[in-house]
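Participant: The structure under discussion is supplied below as structure tokens; questions concerning it will follow.
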Amino acid sequence: MNDSDKTTGGEVTWHPDPKRPDFTPPSGAVDAHCHVFGPAGEFPFAPERKYTPGDAGKDMLFALRDHLGLSRNVIVQASCHGKDNSAMIDALRTSGGLARGVAVVAHDIADDELDMMHEAGVRGVRFNFVKRLVDATPREVFMRTAERVQRLGWHVVVYFEAPDLADLSPFLKELPGIVVVDHMGRPDVSQPVDGPEFARFVTLMEELPTLWTKVSCPERLTVAGPPYDDVVPFQRHLVERFSGRVLWGTDWPHPNMKSHRPDDGLLVDTIARIAPTPALQQALLIDNPMRLYWPDA
Ligand code: 0GY
């Protein structure tokens with residue numbers, strides 16, 4: 001694949017020609033964290049966005065899915081599209097049932113709009129606390145949204161960075177339903193895997209049986225760079241300890257990556273190291289995401 005010439009001028013942060021993975025995902029594997037960007041001519045980026053990515057639309061995503069040997073996608077609304085979920089919903093509608101979505105919505109969104117999203121395949125809402133990506137939303141506003149989507153059986157996805165966990169923990173404990181933490185809560189991987197910062201997150205996972213996490217994003221968390229040897233111990237620790245509450249995703253098209261353009265084939269290869277047995281791979285790539293996103297399949 002060579003997609004670098006398809007951009008409309010925004011930043012291309014993904015590898016244009018990812019390798020074919022050496023690791024063969026089990027049949028039916030789900031990429032549970034990825035995005036679509038535009039194309040901007042059809043789905044303009046939000047005026048309030050903090051970055052402008054290159055176009056990375058659904059056709060590119062579905063081609064990547066097939067190239068990597070994956071079967072399904074969970075498309076997470078990214079901040080560059082704000083609360084306009086049209087690109088994501090269009091991707092869901094044309095996926096032939098092979099994609100589900102996580103939306104970003106206003107607390108006063110109409111019920112029939114939520115119903116329309118559900119029918120298209122949305123199964124969760126995302127609350128973003130990362131200050132470089134979004135302007136802050138009051139917690140009571142997020143709480144109201146979380147309560148409103150319970151009738152649809154949706155879950156909440158939260159994105160924050162490790163230094164914010166202590167402050168956010170009471171809020172996370174109050175949220176109704178299943179709560180999925182993006183990227184392991186973004187630990188500082190230069191600290192030990194058994195050190196106090198990561199222990200705070202692991203302890204919360206222990207205390208809160210409704211808390212799930214995505215063991216994703218080594219490309220963002222790494223200090224050492226590919227093949228992400230410094231992140232794998234964190235991912236593996238969570239997979240082995242909480243095998244029924246972990247998800248994995250590519251994070252394609254890797255918005256805001258500065259250090260390198262991640263090779264998604266290499267990211268697939270890390271699965272064998274973070275989930276070293278077929279049983280753990282089955283839970284991580286199929287059973288867990290299917291339970292959350294395709295419970296009737
Ligand atoms: C990610 C990564 C990021 C961006 C967003 O919503 C977003 O724009 O999630 C990031 O820059 O860390 O995929 O979670």
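Participant: Counting only heavy atoms of protein chains, what accessible area per residue, in Å², does region 197-236 have with a probe of 1.4 Å?
Facilitator: That works out to 35 Å² per residue.
Participant: Ordering S243, S27, S216 by accessible area with a probe of 1.4 Å, largest first, what comes out?
Facilitator: S27, S243, S216
Participant: Zone of R144 (label point 7 Å along Cα→Cβ, backbone N under 15 Å): which residues in region 78-122?
Facilitator: 105-111
Participant: Taking a 31 Å limit on the Cα-Cα distance, which of the listed pairs K19/K173; K19/K258; K83/K258; K58/K173; K19/K83 fall beyond it?
Facilitator: K19/K173; K58/K173; K19/K83
Participant: Rank by packing, highest mean first: peptides 40-48, 157-165, 263-271, with packing defined as the count of other Cβ atoms within 10 Å averaged across residues.
Facilitator: 263-271, 157-165, 40-48
Participant: A follow-up question, please. Quick one: work out the % antiparallel among DSSP beta bridges in the chain, nearest 5.
Facilitator: Around 5 percent antiparallel, to the nearest 5.
Participant: Something else about it: Out of region 118-223, which trypsin sites (Lys or Arg not before Pro) are coil in DSSP terms and have no more than 13 other C-beta atoms within 10 Å?
Facilitator: Passing sites in region 118-223 are K131, R132.
Participant: Evaluate E = 1/(1 + (r/R0)^6) for A297 and T24, where r is the Cβ-Cβ distance and R0 equals 30 Å; express this FRET efficiency to the nearest 0.05.
Facilitator: For R0 = 30 Å, the calculated efficiency reads 0.90.
Participant: Further question on the same structure: Please list, in chain and number order, the residues 5+ apart from V122 or on another chain whose amide H is under 5 Å from its amide H, with Hs placed from the backbone.
Facilitator: Excluding prolines and chain starts, which carry no amide H, the hits are G101.
Participant: Can you give the helix-only mean residue ellipticity at 222 nm for the chain, where every DSSP H stretch with n ≥ 4 adds -39500 (n - 2.57) and the sum goes over all residues, rounded to the nearest 500 deg cm²/dmol?
Facilitator: That calculation yields -8500 deg cm²/dmol at 222 nm.
The values are calculated or read from the model by the stated rules, or taken from the named source; none is laboratory data. Nothing here was measured: the structure is a model prediction, and the numbers come from that model. Every residue, glycine as well, gets a Cβ built from its backbone with ideal geometry; the counts of neighbours run over all protein chains shown. When the accessible area is computed, the model is the full protein with side chains, heavy atoms only, and any ligands, DNA or RNA have been set aside. Shrake-Rupley method; radii C 1.70, N 1.55, O 1.52, S 1.80 Å.
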